[in-house]
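For reference, the structure discussed in these notes is given below.
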Amino acid sequence: MSGPSTYQPQNAFLKWFEARLPIVGLVHSSFVAYPTPKNLNYWWTFGGILAFMLGVQIITGIVLVMHYTPHVDMAFNSVEHIMRDVNYGWLLRYLHSNGASMFFVAVYIHMFRGLYYGSYKEPREVLWILGVIIYLLMMATGFLGYTLPWGQMSFWGATVITNFFSAIPLVGESVVTWLWGGYAVGNPTLQRFFSLHYLLPFVIAGVVVLHVWALHIVGQNNPTGVEAKPGQDTVPFTPYATTKDGFAMVCFMLFFAWFVFYIPNYLGHADNYIPANPGVTPAHIVPEWYYLPFYAILRSIPNKLAGVIAMFSSIVLLAFLPWLDTSRVKSATYRPLYRQFFWVFVLVCLGLGYLGSAPAEGIYVIAARILTAYYFIHLLVILPLLGLVETPKPLPTSISASVLKGAKAAAVMLAVALGAAAFFGNEFQGIRPGGA
């Protein structure tokens, strides 16, 4: 999709270097001259925001590691040392801990945008699957990182989550023992979790490269879902998309900064400021907010093995959306029935998130079971049936046609507004104080 590079080196050294390693031409063709659909809205800026957040997490993580000690006797104190003694250590830690939450905020918006506009459909199946793989790696990295401060929630969260694997028939207990490095969560557990937490962000970066590569092969989707025609429906990535991405990134950074500087512990848990104590169990063990919907699915099923299968299936099923959704129309803009079910699905996911933070008792369990059932019904029943029974609206012939239609509609609305303003302005001019 990006095509051959049009980059022309301007001096002898650059010509010599480009002939041997055309990396500048690759960057130019991928991020400067790359043809971008002209009708992309601000929901498409979260890809760039996610790349920025990945960079923030890697850089702050590397610096934090220089002062962190992965040992059960020193981990908690080393984090306090970072917060109190290291120059701007508090800022680095708050950037990293809140950055994880911001990363998930952006990825959830990115995913729901893909669901709304059908960005998982042909020819973008591999692009979508790579995105699901990135999401799974993010979840694993976030969980491993949450254990490192070795507070109460870190310890007991690691204990609860790793115990899920004991539900695997025959080999479950052996797998848990292998994960722990012993017969309980301890120092070997912390050391291997630290090692994996340091490694996985670079694995994520590698899969992101594949994700972007796949995107540049098949091209970007757009709000209409109609494939872009080169030249007619596209504009260069720079400056059009980069300007929009830059503005959205600044706005997102302000939102990020608000958490870092004003409410840095809002998304955390107070118990994690208590050193880990295997002899004292917290009253209510909850994971980080971005795991809560899946935690609610897990707890809604009384059987441990069935709950674990349901939790992992709820994520893995997302990779099969290109085949579960049988409609030939991508964008929900032209699918009125699907659009209604989409917003119901969003509300169900938010409801599961709330129920994941609530006690596993009474009405909360019943509500979680209802929403869990709908979650799977939506993916396995509603999506396939909608493609068969729904009558979509007529698609535009091209992106340019939809843009022109929107411009004409906006012009008509502006003309009506100006006409109304002129009419009422003339009427009001005839009104004088004291009477007509």
Contact order normalised by residue count of the stretch 125-230, Cα under 8 Å, 6+ apart, percent: 35
Cα long-axis angle, helix 46-65 against the chain (0 to 90 degrees, to the nearest 10): 30
Prolate/oblate/rounded call for the stretch 228-295, Cα gyration tensor, a/c under 1.5 rounded: prolate
Which of [x] 32.0; [y] 23.3; [z] 25.8 is the computed mean projected area of the Cα convex hull in nm² for the structure on display? [x]
Just to verify a number: what accessible area does D245 come out at with the full protein assembly present, 1.4 Å probe, Å² rounded to tens? 30
Compute the relative contact order of the chain as a whole-number percentage, counting only Cα pairs closer than 8 Å that sit 6 or more residues apart in sequence. 22
Crossing angle, helix 152-163 versus the chain [Cα axis fit, 0-90 degrees, rounded to tens]: 90
Helix 304-316: angle to the longest alpha-carbon principal axis of the chain, degrees 0 to 90, nearest 10? 30
The stretch 192-312 - percent relative contact order, Cα under 8 Å, separation 6 or more: 10
Would you please give the residues with an amide H less than 5 Å from that of T36, counting only those at least 5 places away or on a separate chain, with H modeled from the backbone geometry? V235, F237
If you rank V56, V63 by how much accessible surface each has, with a 1.4 Å probe, what is the order from largest down? V63, V56
Per-residue ³J(HN,Hα) for the stretch 174-185, Karplus 6.51 cos²θ - 1.76 cosθ + 1.60, θ = phi - 60°, Hz, x for Gly and Pro: 5, 5, 5, 4, 5, 5, 6, x, x, 9, 7, 5
Gyration tensor (alpha-carbon) shape descriptor, the stretch 303-360, a/c threshold 1.5: oblate
Would you please name the chymotrypsin sites (Phe, Trp or Tyr not before Pro) within the stretch 68-138 that are DSSP coil residues with at most 14 other C-beta atoms within 10 Å of their C-beta? Y88
Whole-Hz Karplus couplings 3J(HN,Hα) for the stretch 110-116, θ = phi - 60° and coefficients 6.51, -1.76, 1.60, Gly and Pro as x, run 4, 6, 5, 4, x, 5, 5
Karplus-derived HN-Hα couplings along the stretch 265-279 (A = 6.51, B = -1.76, C = 1.60, θ = phi - 60°), whole Hz, x at Gly and Pro: 9, 4, 8, x, 10, 4, 5, 7, 9, 10, x, 4, 9, x, x
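The values are calculated or read from the model by the stated rules, or taken from the named source; none is laboratory data. Keep in mind the model is a prediction, meaning the values are calculated, not measured. Counting neighbours? That spans all protein chains shown, and the Cβs are built from the backbone with ideal geometry, glycine included. With ligands, DNA and RNA removed, areas are computed over all heavy atoms of the protein, side chains included. Shrake-Rupley method; radii C 1.70, N 1.55, O 1.52, S 1.80 Å.
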